[in-house]
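Right, one structure below, let's go through it.
The values are calculated or read from the model by the stated rules, or taken from the named source; none is laboratory data. The model shown is predicted, which means the values in this text are computed figures rather than measured ones. Positions of Cβ are generated from backbone atoms using ideal geometry, with glycine treated the same way; all protein chains shown enter the neighbour counts. Ligands, DNA and RNA are excluded from the accessible area calculation, which covers all protein heavy atoms including side chains. Shrake-Rupley method; radii C 1.70, N 1.55, O 1.52, S 1.80 Å.
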Amino acid sequence: MLGHKEVWDSCLRIIRDNINEESYKAFFEKVTPLRLEGNMLTLQSPSQFICDYIEEHYIDLLRKTLRKELGADAKLQYSIVVAGEATRPVQSNSEPIPRNKPVLLSTTGSNTRIKGFNPFVMPGLPNLEIDPQLNPKYAFENYIEGACNKLARNAGLSIAQNPGVTSFNPLFINGSTGLGKTHLAQAIGLEVKKLHPDKVVLYVNANKFKEQYTSAVQKNETNNFLHFYQMVDVLILDDVHDFAGQTKTQDTFFLIFDQLHRSKKQIILTSDKSPVDIEGLEPRILSRFKWGLVAELSVPDYETRLAIYRHKVQKDGIDIDDSIIEYLADKVSSNVREFEGVLNRLLAEATFNRKSISMEMVVNVVNKNIKNTQKEFTVDSIYKTVCDYFKIPSDDAQSKTRKREIVQARQIAMHFSKSMTKTSLASIGAQIGGKNHATVVHACKTVNNLMETDRNFFEMVNNIEKKLRSN
Ligand code: ADP
Ligand code: MG
């Protein structure tokens, strides 16, 4: 008569040959044989999750191997011993392993309760439900739709209805900073929780994931770390570009990604670049990011900005005239976060000076804080604007009689071309009056000196700059 160890060892030999090394290590190496009574083998597991996982994914294999060792009416039960907890009563499964149906020995209906490892909880604190790490302010109600986000927003809404089963898996949201990636990803998570409260939703940004992983490695808890993430139904990983160059973290995420994707769990990723443009990520990971839908967020147009800014002002209960919001929608145009920065500065100034927000205050704050990043300047356009200002022609057939003004216009145009474009000094010289590099250096020096010493000249250069920026 074989003992429990021998029976389990024989099973393991077969199992090991049939599954990949990582899964073997992560799941089967964690359970130990406890006893064998007749044809009932009891395995001890350190967590409910491991039992559930084995049941869900390896039941066929397990059934076959057990039948081979113990006969057709082999039975299996688990004893779950959670670290730091007293031994749980053994869950008894008196039924023989059914012929075609997997045995589900877990007693919990949903996975929202976990025992043991949770990287989001400080050691020593009670480890209750997984907190999805979602902020209610990022709900869909607060996410204004526009052409800039239509595709991503609508994909997000259908994912929230049916997480994991739409073809948008993974959903990869990309766009530059401040365009609403985090907001949208969180909105999807919140909506899933609203429509499917039992689903385990988890939001984490790539840096936090990296820290948790590093700490798990140090504490020898990598398997627990993997198990934790593989329990999630909807995983939101924000700013995945931060994985660049982190090969170990990438490998681990890769395992989690594959496991979740195979089990039809939803994955949502955000990045400031599209998958083709992210550097420092392994090709096998990048190719997976393109399996579902890649949706880009672009800069909102004027109407959408107006709607977003109005919504924000109204939600925060800020008393501000609509003409001011219109002005802001026009001037603060590169991203929404920039608008929030301006709004905060306005509020601070209004509170500090005990004044209401006036147009004058707004113009001042905008001029001080908003760099006109949208605008692309060229040497040619700068030269033309400066010549217009002095009412002189910008082509070479310039009148000899206004030589002094022409020289000044060229010097000022060279000064702005140097600070507002990336063009080389030699090329600036060539485009403005066919001069050389040394002339441009001299021109810039002259303009700077005059600006410091001559108040009228200073104001004139400032006026030209305003004209350039408002064109
Ligand atoms: P990202 O993650 O792309 O850098 P965020 O999601 O943090 O950007 O968005 C920056 C700010 O702009 C947030 O406060 C967010 O609420 C707001 N925002 C962005 N897009 C919208 C939108 N379509 N509707 C309402 N608020 C938005
Ligand atoms: Mg973000």
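Worth pointing out:
- Members of the stretch 190-202 found to be under 16 Å from Phe140 (Cβ atoms) and either within 9 Å of ligand 1 (Cβ to nearest atom) or open to solvent by 10 Å² or more (accessible area, probe 1.4 Å) (or both), listed by number: Leu190, Glu191, Lys193, Lys194, Leu195, His196
- Of all residues assigned to the stretch 309-331, none qualifies as being within 24 Å of the chain's Cα centre (by Cα) and either in the same structural domain as Phe168 (by TED's automatic domain parsing) or not in a helix (DSSP H, G or I) (or both).
- Entirely in the stretch 425-471, the helices (runs of 4 or more DSSP H) that have 2 or more residues that are within 15 Å of Asp380 (Cα to Cα): 425-431, 455-470
- Sub-8 Å Cβ pairs linking a first residue in the stretch 258-281 that is in the same structural domain as Leu184 (by TED's automatic domain parsing) and within 16 Å of ligand 2 (Cβ to nearest atom) to a second residue that is open to solvent by 50 Å² or more (accessible area, probe 1.4 Å) and not in a loop (DSSP other than H, G, I, E, B), at least 6 apart or interchain, are Ser274/Val294; Ser274/Glu296, ordered by first then second residue.
- Residue in the stretch 203-233 that is least open to solvent (accessible area, probe 1.4 Å), counting only those that are within 16 Å of ligand 2 (Cβ to nearest atom) and not in a helix (DSSP H, G or I): Val204
- Scan of the stretch 133-189 for residues that are assigned to a loop (DSSP other than H, G, I, E, B), open to solvent by 60 Å² or more (accessible area, probe 1.4 Å) and either near ligand 1 (Cβ under 8 Å from one of its atoms) or in contact with a Gly (Cβ under 6 Å, 6 or more places away or on another chain) (or both), ordered by number: Glu145, Ser176, Thr177
- Residues satisfying the stated conditions in the stretch 339-353, i.e. open to solvent by less than 50 Å² (accessible area, probe 1.4 Å) and within 14 Å of ligand 1 (Cβ to nearest atom): Phe339, Gly341, Val342, Leu343
- Considering residues of the stretch 234-275 that are part of a loop (DSSP other than H, G, I, E, B) and of a type in the set (Gly, Ala, Ser) only, the residue farthest from Arg153 (Cα to Cα): Gly245
- Close pairs from the stretch 285-304: first within 13 Å of Asn149 (Cα to Cα) and away from ligand 2 (no atom under 16 Å from the Cβ), partner charged (D, E, K, R) and at pLDDT 95 or above, Cβ under 9 Å, at least 6 apart: Thr304/Glu145
- Pairs are defined by a Cβ separation below 8 Å, a sequence spacing of at least 6 or placement on different chains, a first member in the stretch 312-329 that is at negative phi, and a second member that is exposed (fewer than 11 other Cβ atoms within 10 Å of the Cβ); the pairs so defined are Asp319/Ser356.
- Residue among Ala413, Ala348 that alone is away from ligand 2 (no atom under 16 Å from the Cβ) and modelled with pLDDT of 90 or more: Ala413
- Against the conditions (1) touching a strand residue (DSSP E or B) at 6+ places or on another chain (Cβ under 6 Å); (2) closer than 30 Å to Val232 by Cβ; (3) modelled with pLDDT under 80, Glu85 satisfies every one except (1).
- Criterion applied to Ile357, Ile320, Ile308 was being in contact with a Pro (Cβ under 7 Å, 6 or more places away or on another chain), farther than 30 Å from His261 by Cβ and buried (at least 17 other Cβ atoms within 10 Å of the Cβ), and the one residue passing it is Ile308.
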